[in-house]
Every structure is written in structure tokens, then in C-alpha cells.
1. Restricting to the range 20-61, and then to whatever is among the polar types (S, T, N, Q) and open to solvent by 60 Å² or more (accessible area, probe 1.4 Å), can you tell me which residue is nearest to PHE102 (Cα to Cα)?
2. Would the range 121-140 turn up any residue that is more than 24 Å from GLU79 (Cβ to Cβ), assigned to a helix (DSSP H, G or I) and open to solvent by 40 Å² or more (accessible area, probe 1.4 Å)?
3. Report, by residue number, each residue of the range 105-120 that is open to solvent by less than 20 Å² (accessible area, probe 1.4 Å), outside any helix (DSSP H, G or I) and either under 14 Å from TYR145 (Cα atoms) or among the charged types (D, E, K, R) (or both).
4. May I ask you to say which residue of PHE102, PHE88 is in contact with a His (Cβ under 8 Å, 6 or more places away or on another chain) and open to solvent by 10 Å² or more (accessible area, probe 1.4 Å)?
5. Just to be sure before I move on: is GLU13 in contact with a Ser or Thr (Cβ under 7 Å, 6 or more places away or on another chain), in a loop (DSSP other than H, G, I, E, B), open to solvent by less than 80 Å² (accessible area, probe 1.4 Å) and in contact (Cβ under 8 Å) with a residue 12 or more places away in the chain in the structure I sent?
6. Answer yes if at least one residue in the range 16-33 is outside any helix (DSSP H, G or I), farther than 29 Å from GLY136 by Cα and free of Cβ contacts under 8 Å to residues at least 24 places away in the same chain, and no otherwise.
7. Assess whether SER68 counts as being modelled with pLDDT of 95 or more, small (Gly, Ala, Ser) and either open to solvent by less than 10 Å² (accessible area, probe 1.4 Å) or within 20 Å of GLU13 (Cα to Cα) (or both).
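The values are calculated or read from the model by the stated rules, or taken from the named source; none is laboratory data. Here the structure is a predicted model, which is why all the values come from computation and not from measurement. Because the Cβ atoms are built from the backbone with ideal geometry, glycine has one as well, and the counts that use them run over all protein chains shown. To get the accessible areas, we keep the full protein, side chains included, count just its heavy atoms, and leave off ligands, DNA and RNA. Shrake-Rupley method; radii C 1.70, N 1.55, O 1.52, S 1.80 Å.
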Amino acid sequence: MSKRDYMNTSVQEPPLDYSFKSIQLIQDLVSEEPRTGLRPVKHSKSGKSLTQSLWLNNNVLNDLKDFSQVVSQLLQHPENLAWIDLSFNDLTTIDPVLTTFFNLSVLYLHGNGIHRLGEVNKLAVLPRLRSLTLHGNPIEEEKGYRQYVLCNLPRITTFDFSGVTKADRSTAEVWKRMNIKPKKVRVKQDVL
């Protein structure tokens with residue numbers, strides 16, 4: 001990788017935009033032409049995109065099979081991926097593949113079919129995740145939805161397009177003390 005390519009990989013670059021393409025399988029991205037915006041996405045000498053943003057919103061994806069492999073084919077520096085928009089698809093879980101992109105700071109998952117609140121826990125390993133959307137999923141109806149997410153993802157600064165306040169953090173902490181039982185530490189006893 002040339003230094004110039006690395007330096008040109010930027011969040012300021014327009015996204016690689018595959019929104020509203022009726023995409024059913026991640027593998028289809030390889031043969032599909034991305035949307036063109038006002039500014040073209042820059043490409044490396046090898047033809048891969050020099051962007052950190054991938055928009056896959058408003059499609060019909062129900063899983064992320066082969067996501068890493070396809071992203072590696074599309075982006076010059078997939079490890080720098082900072083923004084993934086998967087909103088308005090048919091996803092029912094948060095695929096663990098998303099947790100392999102350690103520079104991810106923005107993740108849009110609103111308007112899907114995620115129904116288990118515990119799915120959120122997977123995202124706790126993402127050190128740079130600051131903005132997350134999950135509204136419009138069945139989990140939004142769960143009691144304590146916002147507090148649960150903020151307890152498990154304390155670095156989030158924007159959740160469901162709303163800033164996270166000190167009061168939100170406080171409420172989440174109180175909710176956590178009232179609703180999440182601490183794990184019991186089992187002491188091994190020597191058996192004689």
C-alpha cells in the first residue's frame with residue numbers, strides 16, 4: 001500500500017453507496033455499480049475504493065454472509081471502515097462480522113428485524129463506536145431499551161440520532177443497578 005493511498009482513505013470521502021439497489025446477497029455488491037454522488041469516490045491504482053464509508057441501506061439483506069471478503073474486494077483499506085449503514089434491511093441479528101471492524105465509529109441498523117436486546121452486547125468490543133441506531137427494530141419495544149444499550153455501550157455519544165446526555169447516563173446506571181444482577185463469583189472449594 002502506498003502512503004498516498006493510505007492518506008487518501010478518509011471519512012471525508014463520499015461513501016461507497018449501494019442504497020436502494022434491492023440487494024439480497026452481500027456477494028451481489030461485487031457485480032453491482034454503486035450510486036454516484038456529487039463527488040466521485042476516489043480509487044487506488046488497483047481499482048479499489050478509497051473511502052471509509054459503506055452504505056447498504058434500504059435493501060433486502062437478511063444476513064451478512066461473506067461480508068469481510070466482499071468488503072476486502074471493494075475497499076483498498078477495509079480495516080479503516082468507519083461508517084456502515086445497514087438501515088432498512090431484513091437483518092434479525094447483529095452479525096459478529098461487524099465487530100471485526102475496529103475503526104467503526106458509526107453503525108446504522110435502524111429499521112431491521114432485530115428482536116433480541118442481548119444482540120447489542122456484541123458491539124461492546126468496538127472501541128471507537130460513537131453513533132448507533134437501532135430504532136425501528138422489535139427490540140425498541142423492550143422495557144428499558146435505551147438504558148440497556150447505554151449500559152452495555154458506554155462510549156456511545158449518539159444513540160438513535162439523539163445525543164446521549166449526562167442524565168441519560170445517570171438513568172442508565174440506576175436502571176442497571178435495579179435490573180441487572182451482578183454475576184456471582186463462585187469460589188472453588190478444595191475437596192479433601
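1. GLN27
2. From the range 121-140, those more than 24 Å from GLU79 (Cβ to Cβ) are 134-140; that's our starting set.
Those left that are additionally assigned to a helix (DSSP H, G or I): 138-140.
Those left that are additionally open to solvent by 40 Å² or more (accessible area, probe 1.4 Å): 138, 140.
Yes, because at least one residue in the range 121-140 is more than 24 Å from GLU79 (Cβ to Cβ), assigned to a helix (DSSP H, G or I) and open to solvent by 40 Å² or more (accessible area, probe 1.4 Å).
3. HIS110, ILE114
4. Details: PHE102 fails: in contact with a His (Cβ under 8 Å, 6 or more places away or on another chain).
Exactly one residue qualifies, and that residue is PHE88.
5. Working: in contact with a Ser or Thr (Cβ under 7 Å, 6 or more places away or on another chain): yes; in a loop (DSSP other than H, G, I, E, B): yes; open to solvent by less than 80 Å² (accessible area, probe 1.4 Å): yes; in contact (Cβ under 8 Å) with a residue 12 or more places away in the chain: yes.
Criteria met by GLU13.
6. We begin by selecting, within the range 16-33, every residue outside any helix (DSSP H, G or I); these are 16-25, 31-33.
When the remaining residues are screened for being farther than 29 Å from GLY136 by Cα, the result is 31.
Add one more test, that the residue is free of Cβ contacts under 8 Å to residues at least 24 places away in the same chain, and what stays is 31.
Yes, because at least one residue in the range 16-33 is outside any helix (DSSP H, G or I), farther than 29 Å from GLY136 by Cα and free of Cβ contacts under 8 Å to residues at least 24 places away in the same chain.
7. Numbers: modelled with pLDDT of 95 or more: yes; small (Gly, Ala, Ser): yes; either open to solvent by less than 10 Å² (accessible area, probe 1.4 Å) or within 20 Å of GLU13 (Cα to Cα) (or both): no.
It is false that SER68 is modelled with pLDDT of 95 or more, small (Gly, Ala, Ser) and either open to solvent by less than 10 Å² (accessible area, probe 1.4 Å) or within 20 Å of GLU13 (Cα to Cα) (or both).
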